[in-house]
Amino acid sequence: MKNVLVVDDSPMIRRIAKKILEELNFKASEAEDGQKALAAVASAMPDAILLDWNMPVMDGLEFLVNLRQMPNGAAPKVLFCTTESDVKHITRAMQAGADEYIMKPFNKQIVKSKFEEVGLC
């Protein structure tokens, strides 16, 4: 079973994402900001990360830059999951090392499709 870390400051988004991921046969864990996510990946690198952009303490982009510099930090597939929809944000995310982009609100079909695109489903 593949592991996915859900990083979002909204408990409701984390709960919904975790439920969807578990229905897709992933093991899901959670972090509420980028700093807590860095601590989580330092102890156990997941197969994928579903990552919010706007969070307190450390935002998603800063987390992604730090992740990609870690040993084995290039391994997880990172899917930004955010309300940021302009091309500049998407370009910055992809240049920083994101593998895919999911717009909020999302549903099981969208998550499954994006995870298939990155080779996880």
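Every number in this text was worked out from the coordinates using simple rules, so none of it is lab data. Model, not experiment: these values are computed from the prediction. FYI the Cβ positions are ideal-geometry reconstructions off the backbone, even for glycines, and counts take in every protein chain you see.
In a reduced charge model with +1 at each Lys and Arg Cβ and -1 at each Asp and Glu Cβ, region 3-113 shows a dipole moment near 260 debye about its Cα centre. Which of the listed residues, Leu79, Ser43, Phe115, is farthest toward the dipole's positive end in the chain, when Lys, Arg count +1 and Asp, Glu count -1 at the beta-carbon? Final value for the positive-end residue is Phe115.
Within the listed set Ser85, Ser43, Ser29, the Gaussian network model of the chain (springs between alpha-carbon atoms below 10 Å) gives the highest mean-square fluctuation for Ser43. Here the Gaussian network model covers the chain, with springs between Cα atoms less than 10 Å apart; of Ile13, Ile110, Ile90, Ile110 fluctuates the most. Straight-distance candidates among the aspartates and glutamates for linking to Lys88, with alpha-carbon spacing under 18 Å and chain neighbours fewer than 8 residues away dropped: Asp52, Asp59, Glu62, Asp99, Glu100. Taking a ≥ b ≥ c as the square roots of the eigenvalues of the alpha carbon gyration tensor, region 69-119 is oblate, as a/c is not under 1.5 and a/b does not beat b/c. For Lys112, the lysines whose Cα falls under 24 Å of its own Cα, not counting residues fewer than eight places away in the same chain, are Lys2, Lys18, Lys19, Lys27, Lys77, Lys104.
Rounded, prolate or oblate: which one fits the chain, using the alpha carbon gyration tensor with axes a ≥ b ≥ c (rounded when a/c is under 1.5, else prolate when a/b beats b/c, else oblate)? Rounded is the answer for the chain, as its axis ratio a/c remains below 1.5.
In percent, rounded to a whole number, the relative contact order of the chain is 22, using alpha-carbon pairs under 8 Å and six or more apart.
Volume of the convex hull of region 1-68 (Cα atoms only), normalised per residue: 67 Å³. Between Leu24, Leu61, Leu38, which gets the highest mean-square fluctuation from a Gaussian network model of the chain, Cα cutoff 10 Å? Taking springs between Cα atoms under 10 Å, the residue moving most is Leu24.
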